[in-house]
Amino acid sequence: SAVISQKPSRDICQRGTSLTIQCQVDSQVTMMFWYRQQPGQSLTLIATANQGSEATYESGFVIDKFPISRPNLTFSTLTVSNMSPEDSSIYLCSVAIAGALGTQYFGPGTRLLVL
Amino acid sequence: GIQVEQSPPDLILQEGANSTLRCNFSDSVNNLQWFHQNPWGQLINLFYIPSGTKQNGRLSATTVATERYSLLYISSSQTTDSGVYFCAGGMNSGYSTLTFGKGTMLLVSP
């Protein structure tokens, strides 16, 4: 498995501002993903974070709103830009590690409330 | 894209009871995983099971890939089993993006 940490664990933000969430893994991973979980809902994939290149976004998510960086194999950031109350969610990063048959492991999540 | 349907949506059990959760897929998947989200929000991977049967303690899972469904069995449930159980599927057997079902919310009462 992998130990995954996220910062911040929670935040309360004002509309119109931006928040950058960090995801750090204790070992080199092959793939990193970012998900959103709206209140009481399931998880929706935002994008796959690619090392050294632009992230691959899912339908309905765009780079201007959710810019993602992945400078190395163990670290990624997700920025939620120009926030509105509809962005209030839990944001989770997950990783797939080599030799783990594609199993995904999740970080503890970042709870975001936008006022 | 893949559609994932989970049943039942909610389940209430007395401690010690057994339960079966089901997951149906609209298309064949080569990557299928079960997760437990505890009441504090942490997602724990229970099984990677694109086919066959696996067991881990009181939990076991069976996937019938040809019929596009998977079952999660919880035996002798405990209060710590409470939370939401998600299944998720992807097209690639290795590193794959996943589509999640809406989950089954389980409450185990003492």
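The values are calculated or read from the model by the stated rules, or taken from the named source; none is laboratory data. Remember, it's a predicted structure, so these values are computed and weren't measured experimentally. With ideal geometry, Cβ positions are generated from the backbone for all residues, glycine too; neighbour counts draw on all protein chains shown. Calculation scope for accessible area: heavy atoms of the full protein, side chains included, ligands and nucleic acids excluded. Shrake-Rupley method; radii C 1.70, N 1.55, O 1.52, S 1.80 Å.
Just checking, which of A:Thr103, A:Thr56 is under 13 Å from the mean Cα position of the chain (by Cα) and within 14 Å of chain B (Cβ to nearest Cβ)?
Details: A:Thr103 fails: under 13 Å from the mean Cα position of the chain (by Cα).
From the options A:Thr103, A:Thr56, the qualifying one is A:Thr56.
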When the stretch A:7-32 is checked residue by residue, the ones that are over 14 Å from A:Ile90 (Cα atoms), in contact with a strand residue (DSSP E or B) (Cβ under 8 Å, 6 or more places away or on another chain) and of a type outside the set (Lys, Arg) are A:Gln14, A:Ser18, A:Gln24, A:Val25, A:Asp26, A:Val29, A:Thr30, A:Met31, A:Met32
State yes or no: is B:Asn31 in contact with a helix residue (DSSP H, G or I) (Cβ under 9 Å, 6 or more places away or on another chain) and within 27 Å of A:Pro39 (Cα to Cα)? no
How many residues are of a type in the set (A, V, I, L, M, F, W, C) and either open to solvent by 50 Å² or more (accessible area, probe 1.4 Å) or over 19 Å from B:Thr97 (Cβ atoms) (or both) when one looks only at the stretch A:90-115? 6
Cβ-Cβ under 8 Å pairs, at least 6 apart or on other chains, the stretch B:84-96 side more than 19 Å from B:Thr62 (Cβ to Cβ), far side modelled with pLDDT of 95 or more and open to solvent by less than 30 Å² (accessible area, probe 1.4 Å): B:Val84/B:His36; B:Val84/B:Gln37; B:Val84/B:Gly103; B:Val84/B:Thr104; B:Val84/B:Leu106
B:Ile49 within 14 Å of another protein chain (Cβ to nearest Cβ) and open to solvent by 70 Å² or more (accessible area, probe 1.4 Å): no
Does the stretch B:73-99 hold any residues that are hydroxyl-bearing (Ser, Thr, Tyr) and touching a strand residue (DSSP E or B) at 6+ places or on another chain (Cβ under 9 Å), and which are they? B:Tyr73, B:Ser75, B:Ser77, B:Thr79, B:Thr80, B:Ser82, B:Tyr85, B:Ser93, B:Tyr95, B:Ser96, B:Thr97, B:Thr99
Just one of the numbered conditions (1) in contact (Cβ under 8 Å) with a residue 24 or more places away in the chain; (2) surrounded by fewer than 16 Cβ atoms within 10 Å (Cβ to Cβ) is not true of B:Thr66; which one? (1)
Go through the stretch B:63-110 residue by residue and tally those that are away from chain A (no Cβ under 11 Å), of a type in the set (S, T, N, Q) and over 23 Å from A:Pro39 (Cβ atoms). 10
